[in-house]
Amino acid sequence: MLSKQRTMEAIEKMYEMFPEAHGELQHKNPYELLIAVILSAQATDVSVNKATPALFAAFPTPQDLANASVEEIISKIKTIGLYRNKTKNIKACAQQLLDRFDGQVPRTREELVSLPGVGRKTANVVLGDAFGIPAIAVDTHVERVSKRLRICKLDASVLEVEQTLMKKVPEELWVKTHHTLIFFGRYHCTARSPRCEVCPLLTMCQEGKNRMKNPTTKVLKK
Ligand code: SF4
């Protein structure tokens, strides 16, 4: 596994490659971000961004969303995968924001994960991007890149990947690192075709070295 120092060397190189890395879900406030992140489960940010302007124009507050009918909500988000279940979750989530949090998005992980449709990853995105509270959300890109580079163990669970990153990266860099790992995984070290041949991290990446020696080597997808 990469040491703490080597991990930061790798991540610093990624910062250089993607200095503009940022959250790509469009939002104007914590409520919109929370709903957008719930909608993004197993869907692309692009597909969510296409639907949310109309959704938030129609339901600009938790009160509006909680009062909306299921059919009204579905009409706004039916282009997003799993939209029926997500409709149920965002409506119930808006209702709980009203009932339990005075219509505000809570600022602790414990409270966030108590909301319908909100898991640890969603809560971490909201903490970091809505409130600037240090957190590392582990999505498929963060997990794959961390494993390919052997920042964490190959058999680590999502929670273990998060905990390993939190140990190896200084807290003030958690949010930046989360965005940078996603950009690196989305645009360079992709699931199917990682660009090992032009990768500045190749000398420290076991997965890349294996692949360059034998291009038929199956890449670690996750
Ligand atoms: Fe990803 Fe290949 Fe770079 Fe390793 S060498 S980080 S597998 S692109």
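The values are calculated or read from the model by the stated rules, or taken from the named source; none is laboratory data. These figures come from a predicted structure and were not determined experimentally. Every residue, glycine as well, gets a Cβ built from its backbone with ideal geometry; the counts of neighbours run over all protein chains shown. Note: areas computed on protein heavy atoms with side chains; ligands, DNA, RNA excluded. Shrake-Rupley method; radii C 1.70, N 1.55, O 1.52, S 1.80 Å.
Values as computed for the structure displayed
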item	result
Solvent-accessible area per residue, Å², over region 30-131 with all protein chains present [probe radius 1.4 Å]	46 Å²
Too-long pairs where the Cα-Cα distance tops 25 Å, listed order kept, from Lys4/Lys28; Lys91/Lys176; Lys13/Lys213	Lys4/Lys28; Lys91/Lys176
Region 30-131, dipole about Cα centre (Lys/Arg Cβ +1, Asp/Glu Cβ -1), debye to the nearest 20	360 debye
FRET efficiency, 1/(1 + (r/R0)^6) with R0 35 Å, evaluated for Ala57 and Glu197 via beta carbons	0.15
Förster-model FRET efficiency, 35 Å R0, Gln42 and Arg6, C-beta, rounded to 0.05	0.60
Signed unit charges on C-beta, dipole axis of the chain, positive-most listed residue Ser40, Pro134, Phe101	Ser40
Sulfur and carbon atoms: percent of accessible area, the chain [1.4 Å]	53 percent
Alpha carbon centroid spacing (whole Å) that separates region 37-62 from region 144-192	25 Å
Nearest-20 debye value, the chain charge dipole, Cβ charges on Lys, Arg, Asp, Glu	1120 debye
Lys13 versus Arg120: modelled label distance in nm, points set 7 Å from Cα along the beta carbon direction	2.9 nm
For region 165-179, 3J(HN,Hα) per residue [Karplus equation, 6.51 cos²θ - 1.76 cosθ + 1.60, θ = phi - 60°, Hz, x = Gly/Pro]	4, 5, 6, 8, 10, x, 3, 5, 10, 4, 5, 4, 5, 4, 5
Pair Asn214, Val113: separation of 7 Å Cα→Cβ label points (nm)	3.9 nm
Per-residue ³J(HN,Hα) for region 126-142, Karplus 6.51 cos²θ - 1.76 cosθ + 1.60, θ = phi - 60°, Hz, x for Gly and Pro	5, 4, x, 8, 8, 10, x, 8, x, 6, 10, 8, 9, 9, 4, 5, 4
